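Trainee: Shown below is the structure under consideration.
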Number of protein chains: 2
Amino acid sequence: MNKIFSDLQSGWDITENLLSQTDTLLRETIFTEANGYLGFRGNFEESFMENKDAGYDGTYINGFYESNLITYGEKAYGYAKNSQTMLNVPNGKVIRLYIDDEAFNMGTGETEHYRRSLSLKDGMLTRELVWTSPKGKKLKIHIERLVSYLHRHIAAIRYEVTPLNFSGEVKLVSEIIGDVRNRIGKNDPRMGSSIKQDAMETLFLEAETDFSCIKRKTKKSELSLCCGMSGIVDTENQYLVAPCKDESRLETTYTFDATCDNKIRLDKFLCYVDSREFDENELVEHVREELSQICKEGFEHLKTIQAEFLNKFWNECDVEINGDTALQQGIRYNMFQIMQSAGTDGKTNVSSKGLSGEGYEGHYFWDTEMYVLPFFLYTRPQVSRKLLEFRYNTLDKARDRARELGHKHGALFPWRTINGEECSAYFPAGTAQYHIDADIAHAVRIYVEATNDEAFLCDCGAEILFETARLWGDLGHFNPNKDNKFCINCVTGPDEYNAIVNNNCYTNLMAAENLRSALNAAELLKLKYPQQYRTLCDKIGLSDNELAFWEKAVDNIYIPYDEQTGIHLQDDSFLDKKQWDFENTPRESYPLLLHYHPLVIYSYNVCKQADMVLALFLLGDLFSIEEKKRDFDFYEKITTHDSSLSTSIFCIMACEIGYRQKAYDYFMSTARMDLDNHNGNTADGIHTANMAGTWMCIINGFGGMRVSDSVLSFAPFLPEGWDSYNFHVTFKGCLIKVEIDKDSAEYRLLDGGSITFMHNKETITIDKTVKVRKIAL
Amino acid sequence: MNKIFSDLQSGWDITENLLSQTDTLLRETIFTEANGYLGFRGNFEESFMENKDAGYDGTYINGFYESNLITYGEKAYGYAKNSQTMLNVPNGKVIRLYIDDEAFNMGTGETEHYRRSLSLKDGMLTRELVWTSPKGKKLKIHIERLVSYLHRHIAAIRYEVTPLNFSGEVKLVSEIIGDVRNRIGKNDPRMGSSIKQDAMETLFLEAETDFSCIKRKTKKSELSLCCGMSGIVDTENQYLVAPCKDESRLETTYTFDATCDNKIRLDKFLCYVDSREFDENELVEHVREELSQICKEGFEHLKTIQAEFLNKFWNECDVEINGDTALQQGIRYNMFQIMQSAGTDGKTNVSSKGLSGEGYEGHYFWDTEMYVLPFFLYTRPQVSRKLLEFRYNTLDKARDRARELGHKHGALFPWRTINGEECSAYFPAGTAQYHIDADIAHAVRIYVEATNDEAFLCDCGAEILFETARLWGDLGHFNPNKDNKFCINCVTGPDEYNAIVNNNCYTNLMAAENLRSALNAAELLKLKYPQQYRTLCDKIGLSDNELAFWEKAVDNIYIPYDEQTGIHLQDDSFLDKKQWDFENTPRESYPLLLHYHPLVIYSYNVCKQADMVLALFLLGDLFSIEEKKRDFDFYEKITTHDSSLSTSIFCIMACEIGYRQKAYDYFMSTARMDLDNHNGNTADGIHTANMAGTWMCIINGFGGMRVSDSVLSFAPFLPEGWDSYNFHVTFKGCLIKVEIDKDSAEYRLLDGGSITFMHNKETITIDKTVKVRKIAL
């Protein structure tokens, strides 16, 4: 484990004080700035193009991908056909600094007073240092960078240079490098490698003194983008500006007649747009106009609204941990990066690595609905709606996929996707994870429950619920061999170490919830929105017979359970498997997937991640506390947590069943997973689901928050070693702050009219008159 | 179904009388000549190079392959790394005929009296025709071709031309085309497509008047070969010979001053050798010497020894069916092609398509041990020993593979291979078919049983039995959840429509046989060959503890069985699956694997092929006739026979349980599978396993032959519509002929001292004094 970002002066900054040539890829990931549309890895402006191994210049646009035919060793019918890979797009971050013929590069000369810091309060990445060139020229350099939260196409860099011991020529070369490529995947199945060469070609290039841009287009997916730049200089010195272009690169060279101790400043503004939003022929014009407007408003303005945005963000969702700055920093960093990662236009979603790297090829997984969405739902519900709209907007493709998988009705959402089509190339741990349908339906249900957004239910939610319910109806069957219970065979649950099993308990339970949610939605719509209900039924050909079938399926859902031990079985044959020899499995043999053939892993009682334990959390009302304990104890022993989605769920359930120390230990391993590079692969990007899982540890774990039958409840406790902690929750339009210390829990209404909830068994109401309730623990 | 080869003048020839431009690929497969080392598809000598779609010039050397990294959509640990593809090697079949500037090509001008015929008695492919060129030149052409059975490196072509209405220049251009390629696989998983470009490069080329040759080498597998040619002309006319070469092609042009009605004859001799047999640097010299010798002996000599070889072959294995010439032709053709396909050097094996095409990339499967080997074992046992030696020679690689799959001991043979390494790129229907180990062990057992070849047992067989037994010991476990029975989980049985299941009944039964055979071999060796036994145990570190463990495993093997219905279950969860709607599955939706996603197929009660029914045949002593009937009835209803390995087994079992009409129907669909292109894919090559299955239908099916506890037995009957049939069987050194007619079965000793066997319940002995026994039916 690598503790690089352990400067703990405040919980609001991620800072490195030591310049290091190691872990560059990791550092770049950590210092990622993004706004859900555009993402900049934390590359230095001078770029590492000269030494490719040292780092990787990464610039990403959410959902901007290239597609290729997937090559299979052996093909079969219905396999996903095309890969989708989020592309590394033109790199506009580049500003090179030259003093006479010496290029600024921290790998040469001498660097002092180095500091790089990502402010979670301001949304700025700042680098400052004093550099002495090999020939002895000394300068102070100060660079600030932002990717604008409020102007999603815009990023900006303020580059300031002050000569400290000389006067003479100083050159700043501001660049856009068009012909960037994706990283070639290493020998790790979790990295993609579908894009082996330049996926885009340049359609147009323009270089003028005050505006340059490049338009590029992908070869297969036929998406185009335009990236433009403008610069504003502030200096007392004389300077010249010279634009220049070659085939796929733009340069604007600012040559300054610098004088000692006089600061030179270049503000570089970047704009990225793409053809999903604008007509391909209007991209250049749009970039020109938006940049022109942004230049008028200036860097300071961007900086101001960036901080304002974050101020509002933290007011809605901050979590404070008093007494442990490292955790404080970890949890805030995680929330910050989730916010930076989420597409909020209904057309894009949250990649499993956000916009910080190329791991998992930028794909969207169930991570969104099960981990990321709850964070937004209970802090910024409007974002969670957008995430669900993405699924609604890809429902037609999910219907097509269901047909391809032999289902006459219903929709099957893709396990991995960018554009809505399935692109998982290993179906036993891909398409076989049918539970994705129930996961999305679950998210629809809790969204409507927490927001009362019935308009969404009518417009999108019900159709998702109905079409996913249909899939289960078609997939399962009343099995005469199991007492005519409704069984679902040949699926893979969340746990990818047990693939293609019968009656995965999680899947069956979640499918039942899905069917029940669909029935409830039908009932609600029939009653309150009969016209919309009829229109929808006509559109998708839904009949009352189907509803009756769902009812019967829910009532008869098969739950694998071992009477003798009182354990819910992960699947039908779980007890038939061999026992893994954990004692003699050395640390370096984890994650198992990198060291054992799938057939070996599948034949043992070993779990990659929370599966049954996730069901205990999501569907907690269905289980007694004793059942939860038994299941937790059983599965904990055989779970390797080789997936980053696992420990947060174990933390939450440990809290609920009273295993407080255990819960704290699990939390510790998730809270700083990326900052401390806990899994060793943060270089490939952050772990967004785990980040959101950390938030769930606090809110659902230590805070004990649940929603049951539309009722919000808390069961908080204070972990040992903390002085206190507090968090924010938005529910049904009310924003409340919950503060826990050793003795009490305090509930404070910050916004909204009135809210009633449970504290343990006690019903509590806070409203405009009684805004605060403090309850002894 | 395409009945092209239905000329039934005799059961000894495959003949086409109509020249057709359709089904060229199929015709080329059918007219394949091969000798287990070298295979020539039935391409015309004038080649189809001008029109690639019309046919595919194919020349193959058994086990001569190129390797490439397998590309996976998603990789995982332990996946097969390298593909192995039997290569299309330099094409020496080419002889072009020119009359002035007109090239002979049956697609132009006019062709009369066309006849092409493959003689099963002579081993010659003959083509004769009269052709009138577009400009009116008329000639008679007669071509004979052979791939020598006795000289495995040698092939020869006799090309005769007689001008019928002109005198003038006639040119024969004899070629070797070096830069041939493999066919690009179509969108069918059963065709490979790993080799997308020229896999070989030319190392050496030589063109002289009486000898030309080309030496080529593969790029990855580093195998090299040399192909040489010589020609002998016989004519009264004057002629010139001009050799010529370019980068990868050799030509010898024979220009004749032809005269009307005078025959011109060219005998072309070809020699192929490769670096697995000779040093790369000696290949050319070897080809030169061998060709020189063969030229001395001449074409007629090759023809004579070809017929002699076949005469002996048919004396040992002929099957006669009197009363149905189509079947007679089918069964003889099948035996002929199996003989042509089998590698007999212990270093090569039988590709699933023989040497007739590129389907399944020329891989060796379990087809050898389960289908092809029994044919040889009971007709030419020396060949079956060679096939088993191939497995012994690759035992080290199987040990390595077992380690890779996490097994501390034992060997795991590859599901698909050429060089002994696993190259199946879809493990659920590849490596998961662990039963390959038991299949090979079964073959070892029946080989020793039928031959008493204890030398083989000591030298090779016991080691195979022990190492495969160890694999089962490590793979299975005594399952407390199943009464501590020995269970084997996460395997795929023969039926590829049910993958990664627990306790596949076939696998468990065969694993038990494997363990028992290993125990018996250990006992025999201990008793009779104690020194060899000790040496072997030392070599592989085998202990008595392991033997005791095997004993316990055999005694406690778990057999999935449904008490209520009395059915042996294909696997643990077989009764839990949904029922396939066969009634509403149209004919064109078969084979299911080309029309349904594996997840769909896996979730239904549907079988691709004999699985449990195969166990009923192989391990018949374990089941009562009632059990066999029940299982047969149950599985027949749900088996699609989408594999060509299926119907023959159903035929045999139908015979045993008295379903005679059914048996006959199954036989009909297998006997002429390739001749009538029953499965529609004979273009990609013959189905060797099915061909051998046909033989089994007669011998084990209608003849009712079994071997039980080393005792041979028959239970013959005469299918309706036949006058009589007879077949040959070799057992423990005795060759007998069995003849069945309506009233009687006649057993005749043709070679060997004395043999005792059962006819139904009756014990019969024939020997040098009483050579024939006739028994009323």
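Trainee: In terms of the ratio Rg/(2.2 N^0.38 Å) built on C-alpha atoms, what value belongs to region A:362-424? Don't jump to the answer; show the numbers that get you there.
Mentor: On the way: Rg = 12.6 Å, N = 63, 2.2 N^0.38 = 10.6 Å.
Cα Rg divided by the expected 2.2 N^0.38 Å: 1.19.
Trainee: While we're looking at this one, here's another question. Any idea of A:GLU110's accessible area? Nearest 10 Å², probe 1.4 Å.
Mentor: Rounded to the nearest 10, the figure is 100 Å².
Trainee: Next question, about the same structure. Rounded to the nearest 10 Å², what accessible area does B:ASP767 show when all protein chains are kept and the probe is 1.4 Å?
Mentor: Accessible surface of B:ASP767 is approximately 40 Å².
Trainee: How large is the translational diffusion coefficient of region A:552-665 in µm² per second when you combine the Kirkwood radius over alpha carbon pairs with Stokes-Einstein at 20 °C and 1.002 mPa s? Provide the component values of the computation, followed by the final result.
Mentor: On the way: Rh = 15.2 Å.
The Stokes-Einstein estimate is 141 µm²/s.
Trainee: Using the 2.2 N^0.38 Å rule of thumb for compact globular proteins, work out how region B:703-777 stacks up: its C-alpha Rg over that value, please.
Mentor: 1.03
Trainee: Can you list the trypsin sites (Lys or Arg not before Pro) in region A:135-177 that are in a DSSP coil and have 11 or fewer other beta carbons within 10 angstrom? Please list the in-between numbers first.
Mentor: On the way: sites: A:LYS135, A:LYS137, A:LYS138, A:LYS140, A:ARG145, A:ARG152, A:ARG158, A:LYS171; in loops: A:LYS135, A:LYS137, A:ARG152.
Passing sites in region A:135-177 are A:LYS135.
Trainee: Now for a separate question. Using Cα-only point scatterers and the Debye equation, what is log10 of I(q)/I(0) for chain B at each q in 0.07 Å⁻¹, rounded to two decimals?
Mentor: Values, matching the q order: -0.52.
Trainee: Then there's this: By the gyration tensor of its Cα atoms, with a ≥ b ≥ c the square roots of the eigenvalues, what is the shape of region B:243-336: rounded for a/c under 1.5, prolate for a/b over b/c, or oblate? Don't jump to the answer; show the numbers that get you there.
Mentor: Values: a/c = 2.50, a/b = 1.49, b/c = 1.68.
Oblate.
Trainee: Still on this model: Treating only the Cβ of Lys, Arg, Asp and Glu as charged (+1, +1, -1, -1), what charge dipole size does region B:703-777 show about its Cα centre? Round to the nearest 20 debye.
Mentor: Working: 10 positive and 10 negative charges, 56 e Å.
Dipole about the Cα centre, nearest 20: 260 debye.
Trainee: Any idea how far apart A:ASP210 and A:ASP101 come out in nm if each label point goes 7 Å out from Cα toward Cβ?
Mentor: Distance between the two pseudo-spin positions: 3.6 nm.
Trainee: Show which lysines lie in cross-link reach of B:LYS215 when reach means a straight Cα distance below 25 angstrom and same-chain residues fewer than eight apart are skipped.
Mentor: B:LYS52, B:LYS93, B:LYS196, B:LYS245, B:LYS268, B:LYS296, B:LYS347
Trainee: Further, regarding this structure: Once the whole set of protein chains is in place, how much accessible area is left on B:THR111, using a 1.4 Å probe, in Å² to the nearest 10?
Mentor: Surface accessible to solvent at B:THR111 totals approximately 40 Å².
Trainee: Out of B:GLN197, B:SER292, B:SER603, whose Cα points farthest toward the positive end of the dipole of chain B (charges: +1 Lys, Arg; -1 Asp, Glu; placed on Cβ)?
Mentor: With unit charges placed on the Cβ atoms, the residue in question is B:SER603.
Trainee: Let me ask something additional. With the solvent-accessible surface defined on protein heavy atoms using a 1.4 Å probe, which residues belonging to region B:66-98 display a reduction of at least 40 Å² in accessible area in the multichain context relative to the isolated chain?
Mentor: Those are B:THR71, B:GLY73, B:GLU74, B:LYS75, B:TYR77, which lose 40 Å² or more relative to the chain on its own.
Trainee: Could you name the lysines in cross-link range of A:LYS768, using Cα to Cα under 19 Å and dropping any fewer than eight places away on the same chain?
Mentor: A:LYS732, A:LYS737
Trainee: Take every Cα-Cα pair in the protein assembly as shown and report what % of them are more than 61 Å apart. If you can, show how the numbers build up before the last one.
Mentor: Values: 363467 of 1206681 pairs.
The calculated P(r) of the protein assembly as shown puts 30 percent of pairs beyond 61 Å.
Trainee: Sticking with this structure for a sec: Which lysines have a Cα less than 21 Å from the Cα of A:LYS578, not counting those fewer than 8 places away in the same chain?
Mentor: Once the sequence-local lysines are set aside, what remains near A:LYS578 is A:LYS608, A:LYS637, B:LYS408, B:LYS482, B:LYS485, B:LYS552.
Trainee: Could you run the numbers on buried accessible area between B and A, total for both chains, 1.4 angstrom probe, in Å² to the nearest 100? Before the final figure, lay out each step's value.
Mentor: Numbers: alone 28820 and 28840 Å², together 53490 Å².
Buried surface at the B/A interface: approximately 4200 Å².
Trainee: Arrange the residues B:LEU777, A:LEU205, B:LEU291 by how much accessible surface each exposes, largest first, with a 1.4 angstrom probe.
Mentor: Order by accessible area, largest first: B:LEU777, A:LEU205, B:LEU291.
Trainee: For A:TYR497, A:TYR529, what's the largest-to-smallest order of accessible area, 1.4 Å probe?
Mentor: A:TYR529, A:TYR497
Trainee: Please give the helix A:505-528 orientation as an angle from the longest Cα principal axis of chain A, in degrees from 0 to 90, rounded to the nearest 10.
Mentor: 90
Trainee: Another question, then. For the full complex of protein chains and a 1.4 angstrom probe, list B:HIS286, B:HIS442 by accessible area with the highest value first.
Mentor: Working: B:HIS286 45, B:HIS442 10 Å².
Of B:HIS286, B:HIS442, the descending order of accessible area is B:HIS286, B:HIS442.
Trainee: Given the alpha-carbon gyration tensor of region B:134-290, what are the semi-axes of its equivalent ellipsoid in whole angstrom, ordered largest first, with each equal to the square root of 5 times an eigenvalue? Numbers along the way, then the final one.
Mentor: Numbers: eigenvalues 218, 79, 42 Å².
Ellipsoid semi-axes (Å, largest first): 33, 20, 14.
Trainee: Please state the equivalent ellipsoid semi-axes for region A:14-313: what are the square roots of 5 times the Cα gyration tensor eigenvalues, largest first, in whole Å?
Mentor: Values: eigenvalues 220, 98, 71 Å².
Its equivalent ellipsoid spans semi-axes of 33, 22, 19 Å.
Trainee: While we're on this one: Using alpha-carbon pairs under 8 Å, 6+ residues apart, how would you state the relative contact order of region B:616-682 in percent? It would help to have the intermediate numbers written out before the result.
Mentor: Values: 41 pairs, mean separation 16.9, N = 67.
Computed value for region B:616-682: 25 percent relative contact order.
Trainee: Can you list the residues of region B:590-616 that have at least 30 square angstrom less accessible area with all protein chains present than in their chain by itself, probe 1.4 Å?
Mentor: B:HIS597, B:PRO598, B:LEU599, B:VAL600, B:TYR602, B:SER603
Trainee: Using the alpha-carbon atoms, what tilt in degrees (0 to 90, nearest 10) does helix B:381-393 show relative to the longest principal axis of chain B?
Mentor: Compared with the principal axis, the helix lies near 80 degrees.
Trainee: In addition: Dipole of the protein assembly as shown, Cα-centred, from +1 at each Lys and Arg C-beta and -1 at each Asp and Glu C-beta, to the nearest 20 debye?
Mentor: Numbers: 168 positive and 232 negative charges, 217 e Å.
Computed about the Cα centre, the dipole is about 1040 debye.
Trainee: Which of the trypsin sites (Lys or Arg not before Pro) found in region A:681-777 are loop residues per DSSP with 14 or fewer other Cβ atoms within 10 Å of their Cβ?
Mentor: Working: sites: A:ARG706, A:LYS732, A:LYS737, A:LYS742, A:ARG748, A:LYS761, A:LYS768, A:LYS771, A:ARG773, A:LYS774; in loops: A:LYS732, A:LYS742, A:LYS761, A:LYS768, A:LYS771.
Those satisfying the criteria are A:LYS742, A:LYS761, A:LYS768, A:LYS771.
Trainee: Computing the accessible area with a 1.4 Å probe over protein heavy atoms, can you report the carbon and sulfur percentage for chain A? Spell out each step's value before the answer.
Mentor: On the way: 12450 of 26760 Å².
Its accessible area is 47 percent carbon and sulfur atoms.
Trainee: Taking the solvent-accessible surface of protein heavy atoms with a 1.4 Å probe, what is the per residue accessible area of region A:582-639 in Å²? Present the calculation step by step, with values, prior to reporting the outcome.
Mentor: Working: 2300 Å² over 58 residues.
It amounts to 40 Å² per residue over region A:582-639.
Trainee: Computed over the Cα atoms of region B:426-562, what is the ratio Rg over Rh, Rh following Kirkwood? Display every interim value, and only then the final one.
Mentor: Details: Rg = 15.2 Å, Rh = 15.3 Å.
Rg/Rh for region B:426-562 comes to 0.99.
Trainee: Averaged per residue, what accessible surface does region A:14-313 expose to a 1.4 Å probe, in Å²?
Mentor: Working: 11470 Å² over 300 residues.
The answer is 38 Å² per residue.
Trainee: Right, here's the next one. Quote the Stokes-Einstein diffusion coefficient, in whole µm² s⁻¹, for region B:296-430, based on the Kirkwood radius over alpha carbon pairs, a temperature of 4 °C and a viscosity of 1.567 mPa s.
Mentor: Working: Rh = 16.9 Å.
The estimated diffusion coefficient comes to 77 µm²/s.
Trainee: OK, next. Note down the nm distance, to one decimal, between modelled labels 7 Å out along Cα→Cβ at A:THR535 and at A:ASN17.
Mentor: A separation of 6.2 nm, rounded to one decimal place.
Trainee: Related question: Go ahead and estimate [θ] at 222 nm for chain B from helices alone: -39,500 (n - 2.57) per DSSP H run with n ≥ 4, summed, over the residue count, rounded to 500. Don't jump to the answer; show the numbers that get you there.
Mentor: On the way: 17 runs with 221 residues, N = 777.
Rounded to the nearest 500, the figure is -9000 deg cm²/dmol.
Trainee: Could you order the peptides B:250-260, B:233-243 from most to least packed, using the average number of other C-beta atoms within 10 Å per residue? Display every interim value, and only then the final one.
Mentor: Numbers: B:250-260: 19.5, B:233-243: 13.8.
Ranking the peptides B:250-260, B:233-243 by packing returns B:250-260, B:233-243.
Trainee: For A:ILE625 and B:LYS526, FRET efficiency with R0 = 60 Å and r from the beta-carbon atoms, rounded to 0.05? Mind dumping the intermediate values first?
Mentor: Values: r = 61 Å, r/R0 = 1.01.
Approximately 0.50, to the nearest 0.05.
Trainee: Quick one: net charge of B:PRO134's neighbours, Cβ under 13 Å, K/R +1, D/E -1?
Mentor: Numbers: positive: B:LYS135, B:LYS137, B:LYS138; negative: B:ASP100, B:ASP101, B:GLU102, B:GLU110.
Charge balance near B:PRO134 sits at -1.
The values are calculated or read from the model by the stated rules, or taken from the named source; none is laboratory data. This one's a predicted model, so the numbers in the text were calculated from it and none came from an experiment. Using ideal geometry, Cβ is built from the backbone for each residue, glycine included, and neighbour counts are taken over all protein chains shown. What goes into the accessible areas is simple: the full protein's heavy atoms, side chains included, and nothing from ligands, DNA or RNA. Shrake-Rupley method; radii C 1.70, N 1.55, O 1.52, S 1.80 Å.
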